[in-house]
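The values are calculated or read from the model by the stated rules, or taken from the named source; none is laboratory data. Just so you know, these numbers come straight off a predicted model, no measurement behind them. Because the Cβ atoms are built from the backbone with ideal geometry, glycine has one as well, and the counts that use them run over all protein chains shown. Heads up: the accessible areas ignore ligands, DNA and RNA and are worked out on the full protein's heavy atoms, side chains in. Shrake-Rupley method; radii C 1.70, N 1.55, O 1.52, S 1.80 Å.
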Amino acid sequence: MNKNAFRQLSYGVYVISTWDKGRATGCTANSAMQITSEPASIAVSINHDNYTNQCIQETGKFAISILGEKSEPGIIGTFGFQSGRDHNKFDGTEHLIKDCMPVVADACAYIVCEVIDKMETSSHTVFLGRVTDADILKEDDAMTYAYYHNVIKGKSPKNAPTYIAEEGAAFETEAKYVCSVCGYVYDGEIPFEELPDSFTCPVCRQPKTAFVKK
């Protein structure tokens, strides 16, 4: 079976957020879809290992921040490559409160949902939510997962539904510098060795020292 066929499906890039006992938390996701238009309902798929899954189960609500092509790429890394159990992901990320839920300010739109049903798979929970609020935050084209891979050069977090284990295993014979946290491959015009020590990964914001030569 060629799992690359799955990438021909259409995906976006989202931050799914909720509350953790009064603290805002969330994770990146690429699987969200509208199920019905009236009443409006949305389904999202969240890995069992994601702390956000547990928090949605407890609160019964979630918000979807739809990231745009102009959204800061570091948001994806902040919410996708570290756990809300150990990090306050919204610290340093500008956010708004909409319908009592935290949403990323740098998103192009948001949707707030109340959980009305769920389905369990072996690895993920599919939450079905009734939409209680939604709006456009700024004029921007929604980021597709293809854009994230091909333009931003980002990789899938291991808990993502679209993660393919082999995707970071093979590189070109030419030496590359790769972020050991998120798999981002540096291919800028300036040689990596000449980058300032203040350089950080544009996807997960890790320091230059997190890059390894492949």
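Could you give each residue of the range 176-184 its phi-based ³J(HN,Hα) in whole Hz, using Karplus coefficients 6.51, -1.76, 1.60 with θ = phi - 60°, and x for Gly or Pro?
With the stated coefficients, the range 176-184 comes to 10, 9, 10, 5, 6, 8, 10, x, 4 Hz.
May I ask you to evaluate 6.51 cos²θ - 1.76 cosθ + 1.60, the Karplus curve with θ = phi - 60°, for each residue of the range 96-112 and list the ³J(HN,Hα) values in order in whole Hz, giving x for glycine and proline?
Karplus values, whole Hz, x for Gly and Pro: 10, 10, 10, 6, 6, 10, x, 9, 6, 5, 8, 7, 8, 6, 9, 9, 10.
With the crude spin-label approximation of a point 7 Å out along Cα→Cβ, what separation in nm comes out for LYS138 versus GLU72?
In this crude spin-label approximation the distance works out to 1.0 nm.
Residue farthest toward the positive end of the dipole of the chain, with Cβ of Lys/Arg at +1 and Asp/Glu at -1: which of HIS95, THR59, HIS48?
After comparing all options, I get HIS48.
Quick check: pseudo-label points 7 Å beyond the Cα along Cα→Cβ at ILE190 and SER123, how many nm apart are they?
Taking the simple label geometry, ILE190 and SER123 are separated by 3.7 nm.
At 7 Å along the Cα-to-beta-carbon direction for both ASP86 and ARG23, put a label point, then send me their distance in nm to one decimal.
Output for this residue pair reads 1.4 nm.
Of the cross-linked pairs LYS61/LYS118; LYS3/LYS213; LYS61/LYS98, which ones have a Cα-Cα span greater than 18 Å in the structure shown?
Those over the limit are LYS3/LYS213.
Given a 1.4 Å probe and every protein chain left where it sits, what share in percent of the accessible area of the range 1-158 is carbon and sulfur?
Whole-percent figure for carbon plus sulfur exposure: 50.
With a 1.4 Å probe and all protein chains left in place, how much accessible area per residue does the range 48-116 have, in Å²?
On the way: 2800 Å² over 69 residues.
Per residue, the range 48-116 has 41 Å² of solvent-accessible surface.
Would you please name the trypsin sites (Lys or Arg not before Pro) within the range 1-68 that are DSSP coil residues with at most 13 other C-beta atoms within 10 Å of their C-beta? List each step's numbers first, then the result.
Numbers: sites: LYS3, ARG7, LYS21, ARG23, LYS61; in loops: LYS21.
Counting only loop positions with at most 13 other Cβ atoms within 10 Å, the trypsin sites (Lys or Arg not before Pro) in the range 1-68 are LYS21.
Apply the Karplus curve 6.51 cos²θ - 1.76 cosθ + 1.60, θ = phi - 60°, to the phi angles in the range 39-44 and return the couplings in whole Hz, x for Gly and Pro.
After applying 6.51 cos²θ - 1.76 cosθ + 1.60, I find x, 5, 9, 10, 10, 10 Hz.
Return the loop-located trypsin sites (Lys or Arg not before Pro) in the range 78-152 (DSSP other than H, G, I, E, B) with at most 16 other Cβ atoms within 10 Å of their own Cβ; answer none if there are none.
Numbers: sites: ARG85, LYS89, LYS98, LYS118, ARG130, LYS138; in loops: ARG85, LYS89, LYS138.
Those satisfying the criteria are ARG85, LYS138.
Dipole magnitude of the chain about its Cα centre, charges +1 at Lys/Arg Cβ and -1 at Asp/Glu Cβ only, in debye to the nearest 20?
Values: 20 positive and 28 negative charges, 108 e Å.
Approximately 520 debye in magnitude.
Roughly how far apart, in whole Å, are the Cα centres of the range 196-211 and the range 1-39?
26
If R0 is 30 Å, what FRET efficiency do you get for SER180 and GLU94 from their C-beta distance, rounded to 0.05?
Values: r = 28 Å, r/R0 = 0.92.
Efficiency for this residue pair is about 0.60.
Out of residues 5 or more away from LYS61 or on other chains, whose amide H comes under 5 Å of its own, with H placed 1.01 Å from N in the peptide plane?
Counting only residues 5 or more places away or on other chains, the set is VAL115.
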